[in-house]
1. What are the pairs with Cβ atoms under 8 angstrom where one residue, in segment A:40-53, is surrounded by fewer than 13 Cβ atoms within 10 Å (Cβ to Cβ) and the other, located anywhere, is in a strand (DSSP E or B)? Sequence gap at least six, or different chains.
2. State whether the residues of segment B:17-34 include one that is more than 22 Å from B:A84 (Cα to Cα), part of a loop (DSSP other than H, G, I, E, B) and either out of contact with any strand residue (DSSP E or B) (no Cβ under 6 Å at 6 or more places or on another chain) or within 10 Å of chain A (Cβ to nearest Cβ) (or both).
3. What pairs can you find where one residue is in segment B:57-75 and assigned to a loop (DSSP other than H, G, I, E, B), the other is of a type in the set (S, T, Y), and their Cβ atoms are less than 8 Å apart, with a gap of 6+ or different chains?
4. Within segment B:58-89, can you find the residues that are at positive phi and within 14 Å of another protein chain (Cβ to nearest Cβ)?
5. Residues being within 9 Å of chain A (Cβ to nearest Cβ), small (G, A, S) and in a strand (DSSP E or B): count how many of those fall in segment B:97-115.
6. So which of A:S76, A:S70 ends up being surrounded by 15 or more Cβ atoms within 10 Å (Cβ to Cβ), farther than 27 Å from B:C23 by Cα and touching a Lys or Arg at 6+ places or on another chain (Cβ under 9 Å)?
7. Given the conditions (1) buried (at least 17 other Cβ atoms within 10 Å of the Cβ); (2) more than 16 Å from A:L43 (Cα to Cα), and given that B:R37 satisfies all but one, which numbered condition is not satisfied?
8. Among the residues of segment A:39-47, is there at least one that is at positive phi and within 12 Å of chain B (Cβ to nearest Cβ)?
Amino acid sequence: GIQVEQSPPDLILQEGANSTLRCNFSDSVNNLQWFHQNPWGQLINLFYIPSGTKQNGRLSATTVATERYSLLYISSSQTTDSGVYFCAVVNPTGGGNKLTFGTGTQLKVEL
Amino acid sequence: GAVVSQHPSWVICKSGTSVKIECRSLDFQATTMFWYRQFPKQSLMLMATSNEGSKATYEQGVEKDKFLINHASLTLSTLTVTSAHPEDSSFYICSARAQIDEKLFFGSGTQLSVL
């Protein structure tokens, strides 16, 4: 099946700093989403971005499908940004519409 | 926005007992629901896909007789962990795909601890 690797696995930031999270995938995708899992386990959908660039406040995301990667930018980070960030993809050749989650990036934003 | 309600949020049970987890789409109809399992500090792993009115499709390595899935209506799917053992302790998350636009929404998860 498709492999979805995220980097870095762990990241510690000072409040106000910017960061870039990366998601690499091993096959073509027709759906890519970024999620934030808060410390209580709730998954929040950040972006649906199979290609192109989108922005939502301090967050933006870019997917280059032909090169099989996506980036999530977090600017002016806040402590509430802490948690785990996952990308998830759907591989059309993999059968069905199943989301395969990446390995995740654990982010901690400190004061 | 669309809401998926998952209950219970956490459950502690004795080894050998069965536990039922409910996943409801509150304000939309979901033809397909997914069940995931997440171990501490790991990613979400898909266990099974359930479609309303039909048998669930299980991922490789997931025991269908141990993890019983029922999707009896367009708004409710249940996962029953039968004869639970300590190794079944995990965080279980459901998601529902909206019939109208196929967007995916997630429940808040269930932390299962088997003693």
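Every number in this text was worked out from the coordinates using simple rules, so none of it is lab data. Predicted, not measured: the structure shown is a model, and the values here were computed from it. Because the Cβ atoms are built from the backbone with ideal geometry, glycine has one as well, and the counts that use them run over all protein chains shown.
1. A:I44/A:F35; A:I44/A:H36; A:I44/A:Q37; A:G52/A:T62; A:G52/A:T63
2. If we filter segment B:17-34 for residues that are more than 22 Å from B:A84 (Cα to Cα), which is where we start, we get B:24-33.
Adding the requirement that they be part of a loop (DSSP other than H, G, I, E, B) leaves B:26-29.
Among the residues that remain, those that are also either out of contact with any strand residue (DSSP E or B) (no Cβ under 6 Å at 6 or more places or on another chain) or within 10 Å of chain A (Cβ to nearest Cβ) (or both) are: B:27, B:29.
So far as segment B:17-34 goes, yes, one or more of its residues are more than 22 Å from B:A84 (Cα to Cα), part of a loop (DSSP other than H, G, I, E, B) and either out of contact with any strand residue (DSSP E or B) (no Cβ under 6 Å at 6 or more places or on another chain) or within 10 Å of chain A (Cβ to nearest Cβ) (or both).
3. B:K64/B:Y58; B:D65/B:T82; B:K66/B:T82; B:K66/B:S83; B:L74/B:S25; B:L74/B:T31; B:T75/B:S25
4. Step one: list which residues in segment B:58-89 are at positive phi, which gives B:61, B:83.
Within segment B:58-89, B:G61 is the sole residue that qualifies.
5. 0
6. Working: A:S76 fails: surrounded by 15 or more Cβ atoms within 10 Å (Cβ to Cβ).
The match here is A:S70.
7. The one condition B:R37 does not meet is (2).
8. Just the residues of segment A:39-47 that are at positive phi, to begin with: A:41.
Filter once more, keeping what is within 12 Å of chain B (Cβ to nearest Cβ): A:41.
Taking every residue of segment A:39-47 in turn, at least one turns out to be at positive phi and within 12 Å of chain B (Cβ to nearest Cβ).
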